[in-house]
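The values are calculated or read from the model by the stated rules, or taken from the named source; none is laboratory data. Here the structure is a predicted model, which means the values were calculated and not measured. Here the Cβ positions follow ideal geometry from the backbone for every residue, glycine too, while neighbour counts run over all protein chains shown.
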Amino acid sequence: MDKIFEVAIIGGGASGLFCANSLRFNSDEIIIIDKSSLGKKLLVTGNGRCNLTNKNIDIDKYNTILTKEVIESFDQFKTIQYFKKLGIEIYFDKEGRGYPLSDKAKDVKERLLAGIENVKYLNDEVIKVTKNQVFEIKIMSGEKVFARNVVMACGNNNLEKILEGFKLSFERQKKVLTGFKVNKGYDCHLFGTRVNCVVKANFNGNKFCENGQVQFKKDGISGIVVFNLSAFAQKHNAQNFRVELELLPSITKDELMKILIFRSQNCQNLLVKDVFVGILDPQIAKYILTRTKIENQQRPVINLTLKEIEKLSQSVKSLDFICNETYEDCQVLSGGIDLKSLDNLQTKVEGLYVCGECCNVYGPCGGYNLQWAWSSGHFVAKMINKRLN
Ligand SMILES: Cc1cc2nc3c(=O)[nH]c(=O)nc-3n(C[C@H](O)[C@H](O)[C@H](O)COP(=O)(O)OP(=O)(O)OC[C@H]3O[C@@H](n4cnc5c(N)ncnc54)[C@H](O)[C@@H]3O)c2cc1C
């Protein structure tokens, strides 16, 4: 391919497609190279509904404050207007998370593709980018693509290898927005159980405290609130940390004790093993009784001592685990290029830009990561549009 494109976008995911939509060039001046089909990952976002932004984006919730300029230049409100023009109406749930009115990620993908209908798409894997007079992009098939500007929008897998000739500095890759395997007193029988609770952790005085639903896996915990905990832990470099689940958040420990004392005084036919009936999920109740080492659970509840009631209540209000490893699956791979080393999302190599997950940026669940993809994709397009005017 001897043609020199004005812009080559490597990766046609959220940030790459948004960047392509925001470039003001003739379509035949732009090429998108993607090893997969365009926008494929968008289809699985938000469980197929695509949580594409958040009404209440709080910059402090990203891992770095350096996102501020980029997000503010194209924030959630501009994003909403932009998608409106593309044919996507957005609604917000009570937590402020924005979804397409149709609740279909497929619509987001299709409208983004409609905006770049005539842009050239090359379905191949990029293995190396170098620069002489112009950029030379080597692809798996052996072909080369030439371009004056390159936008890296391929996420954080292999980025370092692709750009190795430029001697840029990269942050170590880590999994973010994922669950944790836990190693203290876990019981695999909890698998499949879900519980609403307050999740708490403390990393050298930086406190995480969020309400949500925890899902128990075979060997650990997951769910949106745990994903958010993983982003917070990552931000504070926490490893092997203690997490505390406060179950039954609508009542205090004293109120729970009163209920159990009432049962021990009035429920003649209730056995200790059933002391939490109607209060907790049976599997969780069983786990708490075992973990608290309550003996002889076949005896009537009227035999429970005050000390045992205290221990049980304490365990319910402060169920703790040690989180060590993250799971393989994650929503975001942190690492990539540090924003500090970039100038308006351009690397020290003139004409080489990065956006989306290629940057070491991540936020909690709730539309933060797609918002970064849109904002940074748009920002890069704006920079390139400016250079060429
Ligand atoms: C299951 C799941 C659900 C998610 N849900 C949400 C959500 O609801 N809301 C939210 O805000 N965030 C969500 N995220 C995170 C969000 O999807 C990402 O932050 C976002 O997609 C990042 O955009 P990107 O353009 O940087 O990368 P991607 O969207 O990953 O796109 C990168 C593209 O580059 C291509 N590529 C990679 N390497 C090469 C190469 N060498 N050569 C050519 N092409 C290459 C890939 O095929 C891909 O198409 C979710 C993530 C996952 C995994």
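Determine which single condition Ile65 fails, assuming it passes every other condition in (1) within 14 Å of the ligand (Cβ to nearest atom); (2) out of contact with any His (no Cβ under 9 Å at 6 or more places or on another chain).
(1)
What tally of residues in segment 177-229 results from selecting those that are farther than 20 Å from Cys330 by Cβ, more than 19 Å from the chain's Cα centre (by Cα) and of a type in the set (S, T, N, Q)?
Selection size over segment 177-229: 5.
Can you name every residue in segment 335-377 that is polar (S, T, N, Q) and without any contact (Cβ under 8 Å) to a residue 12 or more places away in the chain?
Once the filter is applied, which keeps residues that are polar (S, T, N, Q) and without any contact (Cβ under 8 Å) to a residue 12 or more places away in the chain, segment 335-377 yields nothing.
Six or more apart or on different chains, Cβ atoms under 6 Å: show the pairs whose first residue is in segment 35-55 and assigned by TED's automatic domain parsing to the domain that holds Lys78 and whose second is more than 7 Å from the ligand (Cβ to nearest atom) and polar (S, T, N, Q).
These pairs meet every condition: Thr53/Gln76; Thr53/Thr79.
Given the condition surrounded by fewer than 22 Cβ atoms within 10 Å (Cβ to Cβ) and closer than 22 Å to Phe232 by Cα, answer yes or no: does some residue in segment 87-96 qualify?
For segment 87-96, residues surrounded by fewer than 22 Cβ atoms within 10 Å (Cβ to Cβ) and closer than 22 Å to Phe232 by Cα: present.
Please pick out the residue among Leu345, Leu339, Leu370, Leu352 that is touching a Leu at 6+ places or on another chain (Cβ under 7 Å) and away from the ligand (no atom under 11 Å from the Cβ).
One residue alone meets the criteria, Leu339.
Determine if segment 376-389 includes at least one residue that is within 20 Å of the chain's Cα centre (by Cα) and within 16 Å of the ligand (Cβ to nearest atom).
Yes, segment 376-389 contains a residue that is within 20 Å of the chain's Cα centre (by Cα) and within 16 Å of the ligand (Cβ to nearest atom).
Lys167: surrounded by 14 or more Cβ atoms within 10 Å (Cβ to Cβ) and among the basic types (Lys, Arg), yes or no? Break it down stepwise before answering.
Numbers: surrounded by 14 or more Cβ atoms within 10 Å (Cβ to Cβ): no; among the basic types (Lys, Arg): yes.
No.
Of all residues in segment 280-303, how many are part of a helix (DSSP H, G or I) and of a type in the set (Ser, Thr, Tyr)?
2
Is it the case that Glu160 is farther than 25 Å from Ile59 by Cα, without any contact (Cβ under 8 Å) to a residue 60 or more places away in the chain, of a type in the set (D, E, K, R) and surrounded by 14 or more Cβ atoms within 10 Å (Cβ to Cβ)?
yes
Taking segment 17-49, which residues are near the ligand (Cβ under 6 Å from one of its atoms) and over 18 Å from the mean Cα position of the chain (by Cα)?
Ile33, Asp34, Lys35, Ser36
Specify which of the listed residues (Ile80, Ile57) is within 13 Å of the ligand (Cβ to nearest atom) and modelled with pLDDT of 95 or more.
Just one listed residue meets the conditions, Ile57.
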